[in-house]
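The values are calculated or read from the model by the stated rules, or taken from the named source; none is laboratory data. Here the structure is a predicted model, which means the values were calculated and not measured. Virtual Cβ from ideal backbone geometry, glycine too; neighbours counted across all protein chains shown. Remember, those area values only see protein heavy atoms, side chains included, never the ligands or the DNA or RNA. Shrake-Rupley method; radii C 1.70, N 1.55, O 1.52, S 1.80 Å.
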Amino acid sequence: MTVCLLLLSAVALTAALPAPRALTRATWPDREPVVALWVWQCLVATVLLCCLAALILGTAAVFHTVRDRVFAPAPPSVTAAYDLSSAPVWAAALTVLLACGAAWTTAMLARELVEARRSRGQARAQLRERA
């Protein structure tokens, strides 16, 4: 379990920090903007999926009720392979950090959606006023 959490965290950090910096310094995105958008979206998806998987695995290691629900359809050998019997303290801290990050990301996404809806409503009101 600790190896999985460390690998997921390492992939997420690598995809979140050096990869976007390398993408912004590269010259090929100017020639191929569609491919650059695909690469950017794949980086974002990689970070989000790694963080979500680490959050689920860490929560399953810390809380027995979550473990029972996450690994319910899996055979006992899979649960034994993850060694979820003892969760280190850093796994609980990483899980709390990931949960805070997920809450912050959700709040920022909700804020952007509310602002977009409000600005769209204002634009419609201005168009109605002009008409």
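A single entry from Trp38, Trp28 fulfils the requirement of being aromatic (Phe, Trp, Tyr) and out of contact with any helix residue (DSSP H, G or I) (no Cβ under 8 Å at 6 or more places or on another chain): Trp38. Only one of the listed residues (Ala102, Ala54) is modelled with pLDDT of 85 or more, of a type outside the set (Ser, Thr, Tyr) and more than 17 Å from Val3 (Cβ to Cβ). That residue is Ala102. Only residues that are free of Cβ contacts under 8 Å to residues at least 12 places away in the same chain and under 18 Å from Gly101 (Cα atoms) were counted in region 49-77, giving 1.
Applying the condition of being open to solvent by less than 100 Å² (accessible area, probe 1.4 Å) and under 22 Å from Leu6 (Cα atoms) to region 61-77 and asking which residue is farthest from the chain's Cα centre (by Cα) yields Ser77. Against the criterion of being touching a Leu at 6+ places or on another chain (Cβ under 7 Å), open to solvent by 50 Å² or more (accessible area, probe 1.4 Å), of a type outside the set (Ser, Thr, Tyr) and under 27 Å from Thr106 (Cα atoms), Trp90 does not qualify.
Of all residues in region 11-52, those being of a type in the set (A, V, I, L, M, F, W, C) and open to solvent by 40 Å² or more (accessible area, probe 1.4 Å) number 19.
There is at least one residue in region 59-77 that is β-branched (Val, Ile, Thr), modelled with pLDDT of 85 or more and assigned to a helix (DSSP H, G or I). Close Cβ contacts (under 6 Å, 6 or more residues apart or on different chains) running from residues in region 10-32 that are within 26 Å of Leu98 (Cβ to Cβ) to residues that are of a type outside the set (Ser, Thr, Tyr) and in a helix (DSSP H, G or I) comprise Val11/Cys50; Ala12/Val47; Ala12/Cys50; Ala12/Cys51; Ala15/Leu43; Ala15/Val47; Ala16/Val47; Ala19/Leu43. If you check Leu84, Leu7, Leu55 for being assigned to a helix (DSSP H, G or I) and surrounded by 14 or more Cβ atoms within 10 Å (Cβ to Cβ), only one passes: Leu55.
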